[in-house]
């Protein structure tokens, strides 16, 4: 496992995060099923990640909580900047405008 520049733990040199492997494991998937879901993973690395989680559960759970808190903070900031209220109407209006411009006609 490696830690990338953003502080995310990646499994086996792939882009698959420890978060992803642990979540799948906790949902009942075994290592083979996880590798089937994420083919870039190596089976041995997946077993190693699960083993690491089981041997260091409290530390990994703390890391996962921190990541969830960071994700929530980012989500809140995005929603503050771009309120989700009325987003469908804004997107449809943008599409209509693009469709209208694409016709090559002028008003």
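Test each condition in (1) in contact with a strand residue (DSSP E or B) (Cβ under 9 Å, 6 or more places away or on another chain); (2) farther than 20 Å from residue 1 by Cβ for residue 17 and report the one that comes out false.
In the conditions (1) in contact with a strand residue (DSSP E or B) (Cβ under 9 Å, 6 or more places away or on another chain); (2) farther than 20 Å from residue 1 by Cβ, residue 17 misses (2) alone.
Looking only at segment 6-26, which residues are assigned to a loop (DSSP other than H, G, I, E, B), under 23 Å from residue 58 (Cα atoms) and within 16 Å of the chain's Cα centre (by Cα)?
6, 7, 8, 11, 16
Tally the residues that are part of a helix (DSSP H, G or I) and without any contact (Cβ under 8 Å) to a residue 24 or more places away in the chain, restricting the search to segment 45-59.
Looking only at segment 45-59, we keep the residues that are part of a helix (DSSP H, G or I), and these are 45-55, 57-59.
Checking which are without any contact (Cβ under 8 Å) to a residue 24 or more places away in the chain leaves us with 47, 51, 54-55, 57-59.
Within segment 45-59, residues that are part of a helix (DSSP H, G or I) and without any contact (Cβ under 8 Å) to a residue 24 or more places away in the chain number 7.
Among the residues of segment 27-36 satisfying the criterion of being loosely packed, with under 13 Cβ neighbours inside 10 Å and either in a helix (DSSP H, G or I) or modelled with pLDDT under 95 (or both), which is nearest to the chain's Cα centre (by Cα)?
36
Give the residue that is nearest to residue 25 (Cα to Cα), with candidates limited to residues of segment 60-78 that are free of Cβ contacts under 8 Å to residues at least 40 places away in the same chain and surrounded by 12 or more Cβ atoms within 10 Å (Cβ to Cβ). It would help to see each step written out before you state the result.
Quick first cut of segment 60-78, residues free of Cβ contacts under 8 Å to residues at least 40 places away in the same chain only: 61-62, 65-66, 68-78.
Narrowing further to those that are surrounded by 12 or more Cβ atoms within 10 Å (Cβ to Cβ): 61, 70.
Numbers: 61: 13, 70: 22 Å.
By that ranking, first place goes to 61.
Could you say whether any residue in segment 81-102 is surrounded by 10 or more Cβ atoms within 10 Å (Cβ to Cβ), under 16 Å from the mean Cα position of the chain (by Cα) and part of a helix (DSSP H, G or I)?
Within segment 81-102, not a single residue is surrounded by 10 or more Cβ atoms within 10 Å (Cβ to Cβ), under 16 Å from the mean Cα position of the chain (by Cα) and part of a helix (DSSP H, G or I).
The values are calculated or read from the model by the stated rules, or taken from the named source; none is laboratory data. Since the structure is predicted, the reported quantities are computational estimates derived from the model, not experimental observations. No Cβ is skipped: glycine too gets one built from the backbone with ideal geometry, and neighbour counts run over all protein chains shown.
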